[in-house]
Amino acid sequence: MATNPAEVLSLPKPAWAADEVGMLYDMAHRFMSEEIAPRYDEFEKNEMVDRESWRKAGAAGLLCASMPEEYGGSGGTFAHESAIIEAIGHVGVDGFGIGLHNSIVAPYVLHYGSEEQKKKWLPKLATGELIGAIAMTEPGAGSDLQGVKTRAQKDGNQYKINGSKTFITNGQLANFIIVVTKTDPEKGAKGTSLIVVETDEVEGFERGRNLDKIGLKANDTSELFFNDMRVPTSNLLGHEEGQGFVQLMQQLPQERLQIGTGAIAMIERALALTIDYVKERKAFGKAIIDFQNTQFKLAELKTEATIGRVFYNDCVTRHIAGGLDPVTASMAKYWLSDLQGKVVDECLQLHGGYGYMNEYPIARMFRDARVQRIYGGTNEIMKLLIGRSL
Ligand SMILES: Cc1cc2nc3c(=O)[nH]c(=O)nc-3n(C[C@H](O)[C@H](O)[C@H](O)COP(=O)(O)OP(=O)(O)OC[C@H]3O[C@@H](n4cnc5c(N)ncnc54)[C@H](O)[C@@H]3O)c2cc1C
């Protein structure tokens, strides 16, 4: 029987993964296996998952799992989001951008939106009628978000927005985009505001290329352009302008933790697949697993993966209890994505030449894993943040 990625580390389940979170994981796993995996090659070729799949995910209760029920969500916590992202990782459909939609975009609306905004947007985000994105990065501002140039000028009851963004996840499909703007460029970080753009309703909004990436092929990553784009002032998130930087700083820990979720899930899948492979494949008259080097390598990787899983589970426990502190969230993002890169690389090596062939899942994992060290704040920036706490 094939090794199960969810059980490859033989660890006890943390309390937050019990009962209905476990059931949600099973349901999400079934959905990803039956609805997404069979069409994944097509999605990679099209460089996006189709809208219909987003709608189906909504109907299955996989969108906005941690949003309150009164706004169309499932009333869960980050544990529920973790279960969904882990299922995505264990099935190997990492390009389906639900994690960003659920645990990054929707929470901005929940935490900073007015009652009216929450009632207007969250139910549609929960069905998949709205697909979410967050647009921070610009051609000239990535790690240094204070350098954002996109300008939002008040004009009556509208904002006139000019600027451009790049590398935006879900950027071709998204019709609900939280845009990081400067409402008062003189004030630097304190002049930053988050403004929601419902792309179906505005003029002056243009999507650029669906960017040609080395991995995560099934995810659309896009340039966006704003040319005198007019958005109602009521789309500002927060009760006044200038709150954007603080809002970003408050939400980034969860974004970073969920990058860790994807990392640990892929680590477990890579190990499970590799253990199966080395038991099957033979050289010099014996199975690859019978070489001591293979056993030592996999022993090291399993040990590190176990340390990673225990650390991740603890981060989630703390996050659910009251919010993970930004320094630990940075550690989770940096350390787990670094480990992911290492594990996937070593597992590919144990596949020999077959590991380099796209028909073997480990090859796709190798390509998909690389960006985890870059987005959500590069791992160098994570070390900078950790360093500041010393
Ligand atoms: C596939 C993909 C999806 C993405 N999705 C999104 C998204 O949905 N929304 C969004 O807003 N952005 C997104 N991004 C952008 C991503 O967050 C940025 O690429 C990232 O923050 C790095 O910014 P940069 O590319 O401008 O690199 P730069 O900031 O130019 O960095 C280049 C190098 O310099 C290093 N560096 C920079 N500053 C320092 C410093 N102070 N000390 C030490 N080293 C430093 C960096 O670590 C990096 O190695 C995505 C990117 C990719 C590739």
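Results for (1) polar (S, T, N, Q); (2) closer than 27 Å to H239 by Cα, shown as yes or no for each residue.
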{"residue": "P38", "(1), (2)": "no, no"}
{"residue": "A60", "(1), (2)": "no, no"}
{"residue": "I98", "(1), (2)": "no, no"}
{"residue": "S103", "(1), (2)": "yes, yes"}
{"residue": "P107", "(1), (2)": "no, yes"}
{"residue": "Y112", "(1), (2)": "no, yes"}
{"residue": "I134", "(1), (2)": "no, yes"}
Subset of the stretch 102-121 (residues that are open to solvent by 20 Å² or more (accessible area, probe 1.4 Å) and of a type in the set (S, T, Y)): Y112, S114
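Can you tell me how many residues within the stretch 168-192 are among the small types (G, A, S), within 15 Å of the ligand (Cβ to nearest atom) and under 18 Å from G244 (Cα atoms)? Outline the logic, then answer.
Within the stretch 168-192, the subset among the small types (G, A, S) is 171, 174, 188-189, 191.
The next check asks that each one be within 15 Å of the ligand (Cβ to nearest atom); those that pass are 171, 174.
The next check asks that each one be under 18 Å from G244 (Cα atoms); those that pass are none.
Residues meeting the conditions: 0.
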Within the stretch 214-229, considering residues that are in contact with a Lys or Arg (Cβ under 6 Å, 6 or more places away or on another chain) and open to solvent by 40 Å² or more (accessible area, probe 1.4 Å), the one farthest from the ligand (Cβ to nearest atom): D228
Number of the condition not met by F291 [criteria: (1) in contact (Cβ under 8 Å) with a residue 12 or more places away in the chain; (2) open to solvent by 10 Å² or more (accessible area, probe 1.4 Å)]: (1)
Test result for T137, polar (S, T, N, Q) and either within 24 Å of I320 (Cα to Cα) or open to solvent by less than 10 Å² (accessible area, probe 1.4 Å) (or both): no
Pairs where the first residue, in the stretch 345-359, is in contact (Cβ under 8 Å) with a residue 40 or more places away in the chain and the second is loosely packed, with under 13 Cβ neighbours inside 10 Å, C-beta under 9 Å, 6+ apart: H351/M357; G352/A283
Residue match in the stretch 14-29 (condition: in contact with a helix residue (DSSP H, G or I) (Cβ under 6 Å, 6 or more places away or on another chain), farther than 20 Å from A369 by Cα and small (G, A, S)): yes
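Could you list all residues from the stretch 124-145 that are of a type in the set (S, T, Y), within 22 Å of N175 (Cα to Cα) and over 16 Å from the mean Cα position of the chain (by Cα)?
The first filter runs over the stretch 124-145 and keeps only residues of a type in the set (S, T, Y), leaving 127, 137, 143.
Right, trim to within 22 Å of N175 (Cα to Cα) and you get 127, 137.
Hit for the stretch 124-145 is T127, nothing else.
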Unmet criterion (only one of (1) of a type outside the set (S, T, Y); (2) free of Cβ contacts under 8 Å to residues at least 24 places away in the same chain; (3) part of a helix (DSSP H, G or I)) for W335: (2)
Of all residues in the stretch 371-380 being buried (at least 18 other Cβ atoms within 10 Å of the Cβ) and more than 18 Å from I168 (Cβ to Cβ), the one that is nearest to the ligand (Cβ to nearest atom): N379
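Based on this model, can you work out whether T169 counts as among the β-branched types (V, I, T) and under 25 Å from E35 (Cβ atoms)?
On the way: among the β-branched types (V, I, T): yes; under 25 Å from E35 (Cβ atoms): yes.
Criteria met by T169.
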Filtered residues of the stretch 176-208 (kept if open to solvent by 20 Å² or more (accessible area, probe 1.4 Å), acidic (D, E) and in contact with a strand residue (DSSP E or B) (Cβ under 7 Å, 6 or more places away or on another chain)): E203, E206
Residue among L236, L211, L273, L173 that is more than 21 Å from S82 (Cβ to Cβ), buried (at least 24 other Cβ atoms within 10 Å of the Cβ) and in contact (Cβ under 8 Å) with a residue 24 or more places away in the chain: L236
Residue in the stretch 338-349 that is of a type outside the set (A, V, I, L, M, F, W, C), under 25 Å from K213 (Cβ atoms), open to solvent by less than 30 Å² (accessible area, probe 1.4 Å) and part of a helix (DSSP H, G or I) present: yes
Single match in E201, E241 (criterion: under 24 Å from K124 (Cα atoms) and more than 14 Å from the ligand (Cβ to nearest atom)): E201
Every residue from the stretch 239-260 that is in a helix (DSSP H, G or I), polar (S, T, N, Q) and open to solvent by 20 Å² or more (accessible area, probe 1.4 Å): Q250, Q251, Q254, Q258
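Would you say Q158 is open to solvent by 60 Å² or more (accessible area, probe 1.4 Å) and not aliphatic (A, V, I, L, M)?
Values: open to solvent by 60 Å² or more (accessible area, probe 1.4 Å): yes; not aliphatic (A, V, I, L, M): yes.
Judged against the criteria, Q158 is a match.
The values are calculated or read from the model by the stated rules, or taken from the named source; none is laboratory data. Note that the structure is predicted; figures quoted are calculated from it, not measured. With ideal geometry, Cβ positions are generated from the backbone for all residues, glycine too; neighbour counts draw on all protein chains shown. To get the accessible areas, we keep the full protein, side chains included, count just its heavy atoms, and leave off ligands, DNA and RNA. Shrake-Rupley method; radii C 1.70, N 1.55, O 1.52, S 1.80 Å.
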